[in-house]
Amino acid sequence: MKNDPEHTHNYYAATAHAAPARAALNHNIEVDVAIIGGGFSGIASAISLAERGFSVAIAEAKQIGWGASGRNGGQVLGGWSGEGELIKQLGPRAEEFLWKTRYLGNDIVEARIQKYGIDCDYARGAATVAFNPRQMKGLEAEFEESESHGLKGILSLADKTEIRRHVGSDLYYGGLIDRRGAHCHPLNLCLGEAAAAETIGVQIFENTTVTSIEHTERPVVHTENGHIRARWVILAGNAYHTLEARKLGGYMLPAKTYVLATEPLREDLANSIMPQNLAVCDANWVLDYFRFTADRRFLFGGRCNYANNDIADIEGSLAPRMREIFPQLANVKTDYAWGGVIGIPLNRVPLVGHVSENVLYVQGYSGHGVNCSHIIGEMFADAIEGDCADLDLFEDAKHFKVPMADIIGSPMLALGMSYFRLRDKLGI
Ligand SMILES: Cc1cc2nc3c(=O)[nH]c(=O)nc-3n(C[C@H](O)[C@H](O)[C@H](O)COP(=O)(O)OP(=O)(O)OC[C@H]3O[C@@H](n4cnc5c(N)ncnc54)[C@H](O)[C@@H]3O)c2cc1C
């Protein structure tokens with residue numbers, strides 16, 4: 001993958017564990033469940049299903065982890081995007097689900113790392129940082145709610161002096177430390193999970209683009225040189241697919257987001273930034289997120305381009321912001337800088353449900369998919385076994401469709417994000 005033009009400057013691709021080149025599908029097969037997309041959503045679903053005895057095949061257009069799963073910030077944080085909206089729409093039922101699943105994704109990831117011996121630099125510890133009293137109030141409310149829902153001893157509040165001990169910047173007003181949040185090398189997690197899936201019988205085909213889905217009693221996934229007939233299909237192409245446009249098009253707007261990784265830092269310099277090796281994001285609408293890699297590079301992401309255009313100079317766009325927060329990085333070199341696409345539903349609630357009776361789909365985690373994709377895998381397996389309670393919750397959520405989204409979607413998202421950036425600047 002590291003020679004693919006999309007990945008030549010990606011730290012993860014450069015440091016990925018060796019993975020087998022998997023053959024493309026060039027014949028016809030039949031399985032219980034056909035999965036489209038070899039990112040976290042596809043692979044996690046495959047493991048959940050194969051562990052329950054289903055036969056599974058995955059068709060991935062490029063390579064395992066090629067999409068957002070092999071490019072992200074590596075932050076494995078609890079919760080979902082769009083939580084407030086889900087509760088506003090569906091009330092206590094949503095609230096109960098959200099607290100029940102708060103760290104479920106982390107639990108699943110940790111259990112799989114343990115069970116299948118996956119080496120992906122997984123480290124616990126995270127924080128959300130606030131720039132102003134208003135943001136701090138939000139973190140205080142989150143802390144109190146978490147305590148009242150029985151999650152004791154996981155979160156702790158940090159005032160300005162305390163947060164400075166965790167995150168070495170003068171810009172923060174306070175923060176919330178999260179002992180269950182974590183970070184990892186996401187591409188190695190995804191590759192490790194794919195290898196694990198194969199050990200329990202999952203067939204994986206790379207360089208296999210799905211061209212269409214035939215919706216019949218036993219749906220058929222057509223690829224360029226073969227097909228997969230199945231009892232169920234899971235569409236997990238997220239922001240990188242264009243299938244089923246009539247049903248799914250216009251609900252999710254794609255945004256490009258970017259990350260840089262510095263050269264490895266001296267230990268004392270790294271300690272001046274984050275002695276506890278946390279995964280940090282801020283409480284802004286348009287947020288910055290950062291952490292250290294296992295070889296002590298500072299990995300910094302954020303300030304993304306919501307116009308869905310490519311930024312020519314990623315480093316030039318991200319590094320000034322990184323140095324504004326951490327002036328001690330003034331003379332540090334950037335070794336890698338890359339980008340990827342996230343899918344953002346207008347209300348930020350992930351889009352999950354049925355395309356047809358036996359074709360399921362998930363997309364639009366709004367940049368918060370590492371943990372959630374693992375929960376979705378279990379939800380899909382439950383649904384295929386006949387328990388649709390959690391899936392129904394997402395299907396009952398109302399979403400907005402942007403008419404002619406391919407033409408006006410990106411400018412609209414850019415306009416929306418300019419508004420949110422302004423709110424961040426004004427601290428409202
Ligand atoms: C730069 C960046 C930073 C991020 N940071 C974080 C973070 O720190 N924490 C977090 O939780 N989330 C983060 N995210 C979001 C997270 O990475 C995603 O939500 C998650 O990886 C989605 O996984 P997925 O499997 O649904 O999609 P993807 O990983 O994008 O996988 C979809 C796959 O489907 C394949 N595909 C598409 N169409 C077809 C087709 N027709 N046939 C066959 N295959 C097809 C693609 O090739 C791709 O490999 C970030 C995303 C980006 C881009």
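Worth pointing out:
- In degrees, nearest ten, helix 370-384 long axis to first principal axis of the chain (Cα): 30
- Looking at region 135-188, the trypsin sites (Lys or Arg not before Pro) that sit in a DSSP loop and have at most 11 other Cβ atoms within 10 Å of their own Cβ are Lys152.
- Per principal axis, descending, Cα span of region 1-123 in whole Å: 47, 38, 29
- P(r) tail, region 237-278: Cα-Cα pairs separated by more than 12 Å, 74% of all pairs.
- Rounded to the nearest 20 debye, the dipole size of the chain about its Cα centre is 920 debye, using +1 on the Cβ of Lys and Arg and -1 on the Cβ of Asp and Glu.
- Globularity index of the chain, i.e. its alpha-carbon radius of gyration over 2.2 N^0.38 Å: 0.95
- For the chain, the longest principal axis of the alpha carbon atoms and the long axis of helix 40-51 meet at an angle near 60°.
- In range of the label at Asp268: residues from region 144-168 whose backbone nitrogen is under 18 Å from the point 7 Å along Cα→Cβ: 168
- Cross-link partners of Lys401 among lysines (Cα-Cα below 17 Å; sequence separation of 8 or more within a chain): Lys247
- The angle separating the long axis of helix 186-199 from the principal Cα axis of greatest extent in the chain is about 30 degrees.
- Out-of-range pairs (alpha-carbon distance over 23 Å; input Lys88/Lys137; Lys62/Lys398; Lys137/Lys398): Lys62/Lys398; Lys137/Lys398
- The Cα center of region 267-336 and the Cα center of region 129-191 differ in position by 17 Å.
- Lys137/Arg93 FRET efficiency (R0 25 Å; Cβ-Cβ; nearest 0.05): 0.40
- Choice from Phe292, Phe205, Phe326 showing the highest fluctuation, given a GNM over the chain with Cα pairs closer than 10 Å: Phe326
- For the chain, averaging the sequence separation of C-alpha pairs within contact (under 8 Å, six or more residues apart) and dividing by the residue count gives a relative contact order of 24 percent.
- Based on the Kirkwood approach, the hydrodynamic radius assigned to region 216-263 is 13.9 Å, with every pair of different Cα atoms included.
Laboratory data are not the source of any read-out in this text; all were calculated from the coordinates shown. Here the structure is a predicted model, which is why all the values come from computation and not from measurement. Counting neighbours? That spans all protein chains shown, and the Cβs are built from the backbone with ideal geometry, glycine included.
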